[in-house]
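Trainee: Just dropping this structure here.
Derivation of every value follows stated rules applied to the coordinates shown; laboratory data play no part. Here the structure is a predicted model, which means the values were calculated and not measured. Here the Cβ is made from the backbone with ideal geometry for all residues, glycine too, and neighbour counts use every protein chain on show.
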Amino acid sequence: MKRPYLLGFVRNCTDFPSEAPLSVEMTSLGEHSVIWCKSPMEIFTMKQDFLSAMLQWFEKIQHLQLTVLPIQSGMRVSDEGCLVELLRSYKKELDLCFDKVEGCSEYCLTILNNDWEFARLSYSSLGEDVQSGTEYLDRVRVRHQLIEKEVLKARGVISHFCLRLTPWIEDYWSELTQARREINLSFLVRNTLKPGFINELENLLNEVNAPDEWTGPWLPFHFTSFSLKPESFLIHESLNWEKGRLTS
């Protein structure tokens with residue numbers, strides 16, 4: 001019995017790329033379809049092989065300009081009959097997401113501190129050579145001030161990029177890493193505006209003397225506003241090849 005491994009959702013799609021080794025299938029209900037395959041651990045002997053096949057699959061999708069809502073990794077259903085129930089349960093959420101991202105792709109950019117003359121602030125150890133409780137509290141206060149300064153500067157960088165790119169983007173997502181060493185940005189761009197967006201992005205990177213390094217187009221990973229909720233028919237599969245291949 002197959003236990004389908006979920007890859008994503010599509011809308012109004014009648015044909016889809018499917019080639020070995022990652023042969024995918026599609027189950028539909030109305031205008032929505034869910035794309036799935038056998039468990040990766042049944043198909044591939046190494047995780048790297050699976051990731052490589054997925055990357056090639058993404059590239060084929062982008063070449064065909066198909067809009068796919070990706071599903072969080074490691075999700076399966078107990079049998080094929082549950083796929084229709086899945087589509088029925090999420091019809092409203094799927095329509096809302098497709099209305100937002102259809103015809104769009106995601107582009108990603110990472111900005112390092114030193115890309116923006118973002119001098120790394122050094123912190124003295126809180127407990128090093130402390131002579132009193134007052135001195136310790138003073139160090140805590142100074143450290144908080146330095147962290148706030150870093151965060152404010154990062155927000156300024158994010159704002160600068162997003163304001164400049166506003167005419168070409170539908171939405172953006174940003175993240176400042178915990179150590180505040182990197183800013184991660186993702187932009188949702190309509191496919192018809194791709195040339196203008198890339199031109200302005202590269203101009204902006206040149207102006208701030210940051211490396212001309214961005215990736216895309218990708219599926220809209222950061223712009224799908226729903227995730228699968230716990231359901232009796234959903235199974236989370238841990239893709240751990242070290243424990244051996246599945247036999248289901």
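Trainee: With a sphere of radius 15 Å drawn around the Cβ of residue 12, what net charge do the other residues whose Cβ falls strictly inside it have (Lys, Arg +1; Asp, Glu -1)?
Mentor: Once positives and negatives cancel, what remains is -3.
Trainee: What FRET efficiency comes out for residue 235 versus residue 182 if R0 is 41 angstrom and r is the Cβ-Cβ distance? Round to the nearest 0.05. Don't skip to the end; give the middle numbers.
Mentor: Working: r = 34 Å, r/R0 = 0.83.
Efficiency, from the Cβ-Cβ distance: 0.75.
Trainee: In the neighborhood of residue 222, defined by Cβ-to-Cβ distances under 14 Å, what is the net charge if each Lys or Arg adds +1 and each Asp or Glu adds -1?
Mentor: Within the 14 Å Cβ shell, the charges total -3.
Trainee: What list of ³J(HN,Hα) values in whole Hz, one per residue of the range 47-57 in order, does the Karplus curve 6.51 cos²θ - 1.76 cosθ + 1.60 (θ = phi - 60°) give from phi, with Gly and Pro shown as x?
Mentor: Residue by residue, the range 47-57 yields 4, 4, 5, 5, 5, 5, 5, 5, 4, 5, 5 Hz.
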